[in-house]
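First comes the structure, then the notes that go with it.
The values are calculated or read from the model by the stated rules, or taken from the named source; none is laboratory data. Computed from a predicted model, the values in this text were never measured in an experiment. Don't worry about glycine lacking a Cβ; one is built from the backbone with ideal geometry, like all the others, and counts go over all protein chains shown. Note: accessible area is taken over every heavy atom of the protein model, side chains too, but ligands, DNA and RNA are not part of it. Shrake-Rupley method; radii C 1.70, N 1.55, O 1.52, S 1.80 Å.
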Amino acid sequence: GNVAYRFSAGTRGVKRSSCRPVPTAVIAKVGGHRQCGALVPNPYFGPDLDAWDVAEDVVPFAARSSKALWRGNISSRPCDKDAGNRARLEACALSVERPDLFDAYCPHVNGCAPRDPDQCDAAGERLVAKTYGGDVFPHASTTESMRRAFRAPATIARGYVEPRKFASSKYLLHLPGAFTGSYSRNLNGLWRRGAVVLLWAAAYTEFYFPALEEGRTHLVVDACSAPSVIERLNADPRRAEALAAAARAVHDSLLCADCLARYFASVVNHFRRHFALGPVLDHDRRKLADCDQLDLLEVRGARPWRDPYGRALPNGHLDLRNV
């Protein structure tokens with residue numbers, strides 16, 4: 001049957017002031033599940049879904065590097081959008097302090113421009129939580145190693161690593177996104193690499209997070225806990241391998257190509273039932289929007305919406321009072 005819904009591709013989800021009693025799909029919630037909208041997969045899986053589930057050459061776990069690997073850019077954003085960059089700076093600073101445990105760097109110095117870590121306090125994260133709802137992103141204290149990395153960004157730039165080579169590390173570190181401190185598409189491909197997934201402590205959530213179990217499918221770390229976590233894993237290879245196998249199972253059961261399609265279809269069907277869209281869209285007005293043939297349909301509002309980033313639909317795009 002036909003379905004109409006509002007879709008937000010924004011990294012933070014929908015603001016509290018923008019919540020409406022209409023079908024709303026979001027790809028992430030910066031403050032967790034208390035934000036409005038139904039979570040759906042982000043559009044960055046793949047890009048070739050036919051090859052998404054193809055088994056890759058896997059390096060034996062015991063032969064892999066025992067360092068936590070991460071690569072990504074760091075930029076300078078306003079304080080209410082800089083939480084992800086701050087977390088990335090914390091992780092890179094750990095690599096300078098403990099190069100025996102961490103391989104977390106920018107791929108090149110041109111993509112490594114952190115904000116002065118002393119410029120922002122926790123007020124930015126509190127503002128985000130107030131605006132969007134949900135929990136506050138953890139704000140860690142500034143360390144001297146973060147200050148040194150800020151002053152000399154070349155010390156935290158170490159070269160690009162191809163995605164397939166992530167399978168050469170036992171531990172894959174995932175850090176919040178640089179744009180707003182919410183999700184990062186990098187996580188999409190980590191679960192399938194046969195490694196332990198280490199999620200940096202944050203408040204955001206994605207559609208499959210309720211199925212995760214900290215301590216079984218992954219571990220949560222921050223700048224204080226990460227060194228000891230990796231040391232314990234190195235001392236207990238059986239537990240590390242079990243975590244790596246569980247991470248692969250996350251991909252196979254939740255993030256495979258068919259898994260993504262089934263989940264998205266399930267959300268759309270729930271929209272149709274919960275909002276009783278059949279009587280509205282399947283009869284006389286069907287002539288205006290018949291989706292049975294999967295034709296691409298563009299719906300334009302009366303007022304143009306000039307968002308240069310195209311992150312979401314306008315608040316009044318779907319108004320059931322006019323149906």
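Tabulated data for the structure shown
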quantity: Pair list, Cβ < 8 Å and 6+ apart or interchain, from the range 180-194 residues that are under 17 Å from GLY32 (Cα atoms) and in a loop (DSSP other than H, G, I, E, B) to residues that are among the acidic types (Asp, Glu) and open to solvent by less than 20 Å² (accessible area, probe 1.4 Å); calculated: GLY181/ASP82; GLY181/GLU125; TYR183/GLU206
quantity: Residues satisfying the stated conditions in the range 1-25, i.e. outside any loop (DSSP other than H, G, I, E, B), out of contact with any Phe, Trp or Tyr (no Cβ under 8 Å at 6 or more places or on another chain) and buried (at least 17 other Cβ atoms within 10 Å of the Cβ); calculated: ARG6, SER8, SER18
quantity: Only one of PRO176, PRO114 that is part of a loop (DSSP other than H, G, I, E, B), under 30 Å from VAL14 (Cα atoms) and in contact with a Leu (Cβ under 7 Å, 6 or more places away or on another chain); calculated: PRO114
quantity: Identity of the residue in the range 149-173, out of contact with any strand residue (DSSP E or B) (no Cβ under 6 Å at 6 or more places or on another chain) and assigned to a loop (DSSP other than H, G, I, E, B), that ends up modelled with the highest pLDDT; calculated: ALA152
quantity: Verdict on LYS130 being touching a helix residue (DSSP H, G or I) at 6+ places or on another chain (Cβ under 9 Å), over 17 Å from ALA223 (Cα atoms) and open to solvent by 10 Å² or more (accessible area, probe 1.4 Å); calculated: yes
quantity: Yes/no for SER95 being of a type in the set (Ser, Thr, Tyr), under 21 Å from ALA201 (Cα atoms) and part of a helix (DSSP H, G or I); calculated: yes
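Yes or no, residue by residue, for (1) crowded, with 19+ Cβ neighbours inside 10 Å; (2) within 15 Å of ALA68 (Cα to Cα); (3) among the acidic types (Asp, Glu):
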site: ARG147; (1), (2), (3): no, no, no
site: VAL161; (1), (2), (3): no, yes, no
site: SER169; (1), (2), (3): yes, yes, no
site: LEU173; (1), (2), (3): yes, yes, no
site: TRP191; (1), (2), (3): yes, yes, no
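A quick yes/no check of all residues on (1) within 16 Å of the chain's Cα centre (by Cα); (2) assigned to a loop (DSSP other than H, G, I, E, B); (3) over 30 Å from ARG12 (Cα atoms):
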residue: GLY46; (1), (2), (3): yes, yes, no
residue: GLU56; (1), (2), (3): no, yes, yes
residue: VAL59; (1), (2), (3): no, yes, yes
residue: ALA62; (1), (2), (3): no, no, yes
residue: TRP70; (1), (2), (3): yes, no, no
residue: ALA87; (1), (2), (3): yes, no, no
residue: ALA91; (1), (2), (3): no, no, no
